[in-house]
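Below is one structure; the comments refer to it alone.
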Amino acid sequence: MKWGMVILSFLLALMLYSSIEHNEKDPDMEYILKNFEEFNNTKVTFGGKVISADNESIKINLIEPPYTSLIIKAKNLSVARGDILEITGILDGKEHVTAEKIIVSKGWKYDLIFIRSLPAIPFALYFFLRKWKFNFKKFVFEVKNA
Amino acid sequence: MPDWLTHTIAGWITGKTAKIDVSLVIIGSLIPDLVKIELVFNALKINTHAFFAPLHTPAGSLLVAGSIAFLFPKVREAFLFLSVGIATHFILDFFLLHTSGGIKLLFPLSWNEWQIHAIRSDNYWVTIFAVGIALAFYFVTKQKFSLRWNQ
């Protein structure tokens, strides 16, 4: 158990290291948009939900913090309100990105990823609880009927 | 990510084929997606991505497995089986299509990301295929077992 706590400490250290270095090494959209001047005309990747679209541009809401709106320049892309986009492009305005690559997921297809994940929870619990029970006195899992 | 059902099925088939503890392999196959805890914080408008992101790296997942393994009587065995599950998770995720980026395989030594960019994450045919394979695998192994039992 003592070694378990040591390993857990390493994990926490790893997560703290990531927290400290993330903005420098792999900044997310919240940091990028807050520090727009630093990232102007650089390549960014993010996800968003379509609010409206025409032949020249698409307005999206970010599906990650800070959840604000961006205008994406992308010509003749067939999207509908509610579709989920993954976009890589050049940030060339405070709320404007010229898309280089876009992956379009229909809204229902995106939601289906989460819905079809749900059966995995009872599936995993069934196999686990069929074999293991937790002994609270020893604070360890034991094989059932061993 | 492929959905969790595909991940758990891959863990189940791997555990059954290798004749190791299926329950721990399945749990291991879900460990990297502990990173999804951040969705709860996202709903509360708290950005925790930078903190939880290491959970979806091999190093972070193995550390989680190491911590969990100490809750089992045979620590090394438990760690090994959880690690097999983690490996199946990253192998499946490695094939996902993204516009850029991928998995930080060497984190914290490197922040570089790798990906094969082959299968879209919203492709439900992967799940249908996995369920089909699992059913075929179940009936084949059941038949083998009953044949052996009858001999």
- Query: Between rounded, prolate and oblate, where does region B:75-151 land on the alpha carbon gyration tensor, with a ≥ b ≥ c its root eigenvalues, rounded for a/c under 1.5, else prolate if a/b exceeds b/c?
  - Reply: oblate
- Which cross-chain or sequence-distant (5 or more) residues have an amide H under 5 Å from the amide H of A:Ser52, H modelled 1.01 Å from N in plane? A:Lys59
- Using a cut-off of 16 Å between alpha-carbon atoms, which lysines can reach B:Lys16, once sequence neighbours fewer than 8 places away in the same chain are excluded? A:Lys131, B:Lys142, B:Lys144
- What aspartates and glutamates could a cross-link reach from A:Lys138, if we take a straight Cα to Cα line under 16 Å and drop same-chain neighbours fewer than 8 places away? none
- Any idea what the alpha-carbon Rg over 2.2 N^0.38 Å comes to for region A:27-105? 0.98
- Message: Quick check: net charge around A:Lys144, other residues with Cβ under 14 Å of its Cβ, Lys/Arg +1 and Asp/Glu -1?
- Response: +1
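What is the sum of charges, Lys and Arg at +1 and Asp and Glu at -1, for the other residues whose Cβ falls under 15 Å from the Cβ of B:Phe107?
Cβ neighbours under 15 Å give a net charge of -3.
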- Note on the structure: Cβ-Cβ cut-off under 11 Å around B:Asp21, Lys and Arg +1, Asp and Glu -1: the net charge is +3
- Query: Hey, which aspartates and glutamates would be in cross-link range of A:Lys49, C-alpha to C-alpha under 14 Å, not counting anything within fewer than 8 residues on its own chain?
  - Reply: A:Glu64, A:Asp83, A:Glu86, A:Asp111
- Query: For region B:1-138, what does the alpha-carbon gyration tensor say about shape, rounded, prolate or oblate, given a ≥ b ≥ c as the root eigenvalues, a/c under 1.5 as rounded, and a/b over b/c as prolate?
  - Reply: oblate
- Task: Distance check, please: which entries in A:Lys2/B:Lys45; A:Lys133/B:Lys104; A:Lys34/A:Lys73; A:Lys2/A:Lys133; A:Lys109/B:Lys45; A:Lys106/B:Lys45 exceed 32 angstrom between their Cα atoms?
- Result: A:Lys2/B:Lys45; A:Lys133/B:Lys104
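Counting other C-beta atoms within 10 Å, which of A:Lys75, B:Lys36, A:Lys106 has the fewest, and how do the rest follow?
Taking fewest neighbouring Cβ atoms as first place, the list is A:Lys75, A:Lys106, B:Lys36.
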- Per-residue HN-Hα couplings for region A:7-24, Karplus 6.51 cos²θ - 1.76 cosθ + 1.60 at θ = phi - 60°, whole Hz, x for Gly and Pro? 5, 4, 5, 4, 4, 4, 4, 4, 6, 5, 4, 4, 4, 6, 8, 4, 5, 7
- Message: How would chain A be classified by its alpha-carbon gyration tensor: rounded, prolate or oblate, with rounded meaning a/c under 1.5 and the a/b versus b/c comparison settling the rest?
- Response: oblate
- Item | Assigned charges on the beta-carbon of Lys, Arg, Asp, Glu; region A:41-146 dipole about Cα centre (debye) | 840
- Mind sorting B:Leu97, A:Leu118 by how few other Cβ atoms lie within 10 Å of their own Cβ, fewest first? A:Leu118, B:Leu97
- Item | Volume per residue of the C-alpha convex hull in region B:1-57, rounded to whole Å³ | 79
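What number in nm² do you get for the protein assembly as shown if you take the convex hull of its Cα atoms and divide its surface by four?
If you wrap the Cα atoms of the protein assembly as shown in a convex hull and average its projections, you get 17.6 nm².
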- Note on the structure: For A:Phe141, the residues 5 or more places away or on another chain with a placed amide H closer than 5 Å to its own amide H are A:Asn135, B:Phe72
- Message: Taking just the alpha carbons, could you work out the radius of gyration and Dmax for region B:85-126, both in angstroms?
- Response: 11.0, 36
- Note on the structure: Final fewest-first order of B:Trp114, B:Trp125 on the 10 Å Cβ neighbour count is B:Trp125, B:Trp114
- Enumerate the calculated ³J(HN,Hα) couplings along region B:62-71 in order (Karplus 6.51 cos²θ - 1.76 cosθ + 1.60, θ = phi - 60°), each rounded to whole Hz, writing x wherever the residue is Gly or Pro. 5, 5, 4, 4, x, 5, 5, 4, 6, 8
- Amide H within-cut-off set for A:Gly93, under 5 Å, with H built and near neighbours excluded: A:Asn41
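The numbers here are math on the coordinates, done by the rules we state, and not lab data. Bear in mind that the values here come from a model prediction, so they are computed numbers and not experimental data. Note that each Cβ is placed from the backbone with ideal geometry, even for glycine, and that neighbours are counted across all protein chains shown.
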